[in-house]
Amino acid sequence: MSYDFFAYLNRMKYIERWSLMHSTVKENVMEHSAGVAMIAHALGVINNVVFAGDADPDRCAAIAVFHESAEVITGDLPTPIKYYNDDIRNAYKNIEGIAEARLLSTLPEAFRKSYEPLVVSGKGVNYTLVKAADKIAAYLKCVEELKYGNKEFLKAKNATLKAIRDMGLPEVDYFFDNFVKGYEKTLDEME
């Protein structure tokens, strides 16, 4: 028997993000997920090393790699639409749940319990840090676009920064204080 799970995941590279915005640098879901994974891992390390927490950085990275996987079925619904009102938000959550179940059904039965916690969002510190990393990655995309003179991302940058600050996570503050300024530099400006 042939299973299509990983072939589906490979299609993440075809799903363009920020589809309602003009982007200087195009970004797809696969690239975004890799960036979120790196940031989520860092937030897990910060949680443990700086704040004596109990995050699992490797698990954070794994969850982040798969956090948008259902989009191979749903596509990427832009944030302004996804969160326009409670009816749309709830309908999309339902659609997302159906897509996650469909995606998991493309695995051998024996593998599904291993992948379900990666494909389906859960609760706990690791999931919280991945959500924060996802927001940080969106913010950094805005920073990148603004660095290249694309003012279309200014409002998104400010709204995303507010959403990040509203999370109230010390790991996020630490990441911003120590790592975000580097994203504003050119290669020649980095040490």
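Each value in this text was obtained by applying a stated rule to the coordinates, not by laboratory testing. Since we're looking at a predicted model, the values are computed, not measured. Using ideal geometry, Cβ is built from the backbone for each residue, glycine included, and neighbour counts are taken over all protein chains shown.
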Gap in Å between the Cα centre of the stretch 59-95 and the Cα centre of the stretch 157-191? 23 Å
Once exposed loop trypsin sites (Lys or Arg not before Pro) are cut out (DSSP; at most 13 other Cβ, 10 Å), longest piece of the chain: 27-122
Centre separation in Å (Cα based) which lies between the stretch 11-40 and the stretch 108-148: 12 Å
Between helix 109-119 and the chain, what is the angle of the helix's C-alpha long axis to the longest principal axis, kept within 0 to 90° and rounded to the nearest 10? 20 degrees
For the chain, longest principal axis from Cα atoms; helix 29-49 axis from its Cα atoms; angle between them, nearest 10 degrees, is 70 degrees
With a ≥ b ≥ c the root eigenvalues of the C-alpha gyration tensor of the stretch 30-119, is it rounded (a/c under 1.5), prolate (a/b larger than b/c) or oblate? oblate
Considering amide H positions built from the backbone, and no H for Pro or chain starts, which residues 5 or more places from Asn28, or on another chain, come under 5 Å of its amide H? Arg17
Tell me the mean residue ellipticity at 222 nm calculated for the chain from its helices only (DSSP H runs of n ≥ 4, each -39500 (n - 2.57), averaged over every residue, nearest 500). -19000 deg cm²/dmol
Could you list, in their original order, any pairs among Lys82/Lys147; Lys13/Lys185; Lys13/Lys181; Lys141/Lys185 whose Cα atoms are separated by more than 24 Å? Lys82/Lys147; Lys13/Lys185; Lys13/Lys181
By counting other Cβ atoms within 10 Å of each Cβ, how are Ile15, Ile81, Ile39 ranked from fewest to most? Ile81, Ile15, Ile39
If contacts are Cα pairs under 8 angstrom and at least 6 residues apart, what is the relative contact order of the chain in percent? 25 percent
Hits among aspartates and glutamates - C-alpha to C-alpha of Lys155 under 13 Å, sequence gap 8 or more where chains match: Glu145
Provide the gained length on full extension for the span Glu16 to Arg102, in nm with one decimal, where the gain is 0.36 nm per separating residue minus the Cα-Cα distance. 28.8 nm
